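The values are calculated or read from the model by the stated rules, or taken from the named source; none is laboratory data. In this text, all values refer to a predicted model and were calculated from it rather than measured experimentally. We place every Cβ from the backbone using ideal geometry, glycine too, and count neighbours over all the protein chains shown. With ligands, DNA and RNA removed, areas are computed over all heavy atoms of the protein, side chains included. Shrake-Rupley method; radii C 1.70, N 1.55, O 1.52, S 1.80 Å.
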Amino acid sequence: TGCITFDPGYGNTGACKSAITYMDGEKGILRYRGIPIEQLAEKSTFVETAYLLIVGRLPTSEELTRTSVMLNDFSLVHENMKAFYQNYPPQAHPMGILAAMVNAMRSFYPELTDLDEEMNNTFLRLISKIRTMAAMSYKFSIGQRVTYPQPGLCYCANFLNMMFDNDVVPYHVDQDLVRALNVFWILHADHEQNCSTTAVRVVGSGRVNIYSAISAGISALWGPLHGGANQAVIQMLEKIHKDGMTIDQCIAKARDREDPFRLMGFGHRVYKTYDPRGKIMKKMCDIVLAKVKRDDPLLDIALRLEEAALEDSYFKDKHLYPNVDFYAGIVLRALGIPTNMFTVMFAIGRLPGWIAQWKEDMADPEMKISRPRQIYTGNTVNDYIPIDQRR
Ligand code: CMC
């Protein structure tokens with residue numbers, strides 16, 4: 001195999017050059033276009049952060065206004081797409097539906113706008129419609145009439161309203177919860193060459209349309225080792241709560257090499273310290289639970305699990321710390337988001353990052369179609385055996 005290097009999971013391969021997101025896994029640093037995630041979580045909105053990632057700088061107030069107006073203009077989903085939702089089995093996972101809907105956008109909105117524009121209509125259409133499509137899948141799953149987007153509401157408030165407003169109980173938008181959702185989505189907006197972003201770049205490198213590349217990213221994100229971890233964490237905490245498992249039993253199970261169980265929401269390919277997003281998410285649990293005036297027994301389990309794991313030699317030796325997903329589910333539960341929609345929430349948040357990375361890839365003259373090699377381990381030659389002689 002000559003000079004081919006074996007690098008399973010590409011842990012040591014720089015597959016592209018990128019100026020979007022800076023990470024230092026040893027120090028626990030995350031910055032979008034150089035701006036620390038802590039500053040963005042405190043001061044920015046999700047729409048502004050999306051602009052920052054895609055265009056490469058913060059928008060002026062005119063640019064931000066235009067972006068918001070366009071997001072409102074594009075917020076409706078083609079009525080014929082409703083037929084898809086109506087015909088999915090009621091238990092269908094919303095991530096599967098979302099991947100299919102985003103792929104279908106290529107057929108419903110065939111005009112792809114000019115890549116040279118900093119923030120083009122195709123990007124805005126995607127960012128706007130993904131939240132309408134996500135809320136629609138929830139409404140269909142619970143058998144309720146679809147709530148349409150309202151032009152007077154901002155991006156995050158509109159999503160909450162589309163999810164929870166109904167004919168019987170009108171939804172009252174709470175600005176603190178809107179702020180919490182902004183922060184949640186800012187924390188998820190990009191994370192350099194993670195599994196789903198790599199999927200977007202790899203699929204996009206064949207020059208397929210952007211909708212299909214993003215749909216591939218959504219499918220990649222669904223997995224429990226990636227974005228699906230936020231759902232898996234809550235299911236794990238619920239199980240510990242329901243079965244009355246002790247924290248020690250749980251840690252012992254995670255340490256047991258014979259047992260495939262992993263402590264979900266722990267560990268990261270890049271971070272060998274506390275995930276900076278996890279720190280902010282942990283603080284948000286208290287803020288959001290206080291706002292909705294609820295105690296969540298799962299928060300107590302999560303806090304005790306974290307404390308025990310951080311003291312445990314297995315977790316210490318392997319540098320396993322809480323990642324963004326460990327506390328994400330508790331925040332989402334407090335916002336009223338059902339468990340099977342958690343990974344959809346991640347997908348909406350990650351979309352600006354996927355778009356920014358796809359755009360960077362398309363614009364880079366050095367980029368080529370993704371086509372890794374392999375270390376071939378089979379026989380190099382075998383004779384064809386006629387069927388009557390096979391055993
Ligand atoms: N619980 C128990 N052991 C673990 C865990 C865990 N959560 N994570 C890693 N390990 C062990 C693993 O068994 C391995 O041990 P050994 O070296 O003895 O074989 C060692 O730590 C290294 O793990 P790895 O799987 O080789 O590391 P990786 O970089 O390939 O995987 C990971 C990173 C995030 C997939 C992994 O830590 C994991 O499965 N965590 C749980 C799922 C999770 O929370 N995923 C969300 C990641 S953050 C959101 C995102 O951006 O995707």
Given the conditions (1) out of contact with any Cys (no Cβ under 9 Å at 6 or more places or on another chain); (2) farther than 24 Å from residue 362 by Cα, and given that residue 45 satisfies all but one, which numbered condition is not satisfied? (1)
Of the residues that make up the range 151-158, is at least one open to solvent by less than 60 Å² (accessible area, probe 1.4 Å), under 27 Å from residue 283 (Cα atoms), in contact with a Cys (Cβ under 8 Å, 6 or more places away or on another chain) and not β-branched (Val, Ile, Thr)? no
Considering residues of the range 352-373 that are touching a Ser or Thr at 6+ places or on another chain (Cβ under 7 Å) and of a type in the set (Gly, Ala, Ser) only, the residue most open to solvent (accessible area, probe 1.4 Å): 370
If you go through the range 208-253 one residue at a time, how many are free of Cβ contacts under 8 Å to residues at least 60 places away in the same chain, of a type outside the set (Val, Ile, Thr), more than 10 Å from the ligand (Cβ to nearest atom) and loosely packed, with under 13 Cβ neighbours inside 10 Å? 5
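Can you tell me which residue among 349, 336, 329 is open to solvent by 10 Å² or more (accessible area, probe 1.4 Å), under 19 Å from the mean Cα position of the chain (by Cα) and touching a residue at least 24 places away in the same chain (Cβ under 8 Å)? Give the derivation first.
Working: 349 fails: open to solvent by 10 Å² or more (accessible area, probe 1.4 Å); 329 fails: open to solvent by 10 Å² or more (accessible area, probe 1.4 Å).
Step by step, each of 349, 336, 329 is checked, and only 336 is open to solvent by 10 Å² or more (accessible area, probe 1.4 Å), under 19 Å from the mean Cα position of the chain (by Cα) and touching a residue at least 24 places away in the same chain (Cβ under 8 Å).
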Members of the range 254-300 found to be surrounded by fewer than 15 Cβ atoms within 10 Å (Cβ to Cβ) and under 22 Å from residue 343 (Cβ atoms), listed by number: 260, 261, 269
Out of the range 312-341, which residues are among the aliphatic types (A, V, I, L, M) and within 13 Å of the ligand (Cβ to nearest atom)? 320, 324, 328
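Residues being open to solvent by 20 Å² or more (accessible area, probe 1.4 Å) and in contact (Cβ under 8 Å) with a residue 12 or more places away in the chain: count how many of those fall in the range 26-35. So that I can check it myself, show each step before the final result.
Here is the first cut: in the range 26-35, the ones open to solvent by 20 Å² or more (accessible area, probe 1.4 Å) are 26-27, 29, 31, 33-35.
The next check asks that each one be in contact (Cβ under 8 Å) with a residue 12 or more places away in the chain; those that pass are 26-27, 29, 33-35.
Qualifying residue count for the region: 6.
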For the range 1-48, how many residues meet the condition of being assigned to a helix (DSSP H, G or I) and either under 19 Å from the mean Cα position of the chain (by Cα) or over 15 Å from residue 185 (Cβ atoms) (or both)? 11
Filter result for the condition that a residue is under 18 Å from the mean Cα position of the chain (by Cα) and either at pLDDT below 95 or open to solvent by 40 Å² or more (accessible area, probe 1.4 Å) (or both), over 78, 93: 93
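Do you know which of the residues in the range 254-284 that are assigned to a helix (DSSP H, G or I) and near the ligand (Cβ under 9 Å from one of its atoms) is nearest to residue 39 (Cα to Cα)?
277
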Criterion first (more than 10 Å from the ligand (Cβ to nearest atom) and surrounded by fewer than 24 Cβ atoms within 10 Å (Cβ to Cβ)) does residue 193 satisfy it? yes
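Results for (1) more than 22 Å from residue 345 (Cα to Cα); (2) of a type in the set (Ser, Thr, Tyr), shown as yes or no for each residue.
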{"position": "45", "(1), (2)": "no, yes"}
{"position": "53", "(1), (2)": "no, no"}
{"position": "76", "(1), (2)": "no, no"}
{"position": "79", "(1), (2)": "yes, no"}
{"position": "88", "(1), (2)": "no, yes"}
{"position": "94", "(1), (2)": "no, no"}
{"position": "102", "(1), (2)": "no, no"}
{"position": "112", "(1), (2)": "yes, no"}
{"position": "119", "(1), (2)": "yes, no"}
Flagged pairs (Cβ under 8 angstrom, 6 or more apart or on separate chains; first in the range 154-172, modelled with pLDDT of 95 or more; second among the acidic types (Asp, Glu) and exposed (fewer than 13 other Cβ atoms within 10 Å of the Cβ)) are none
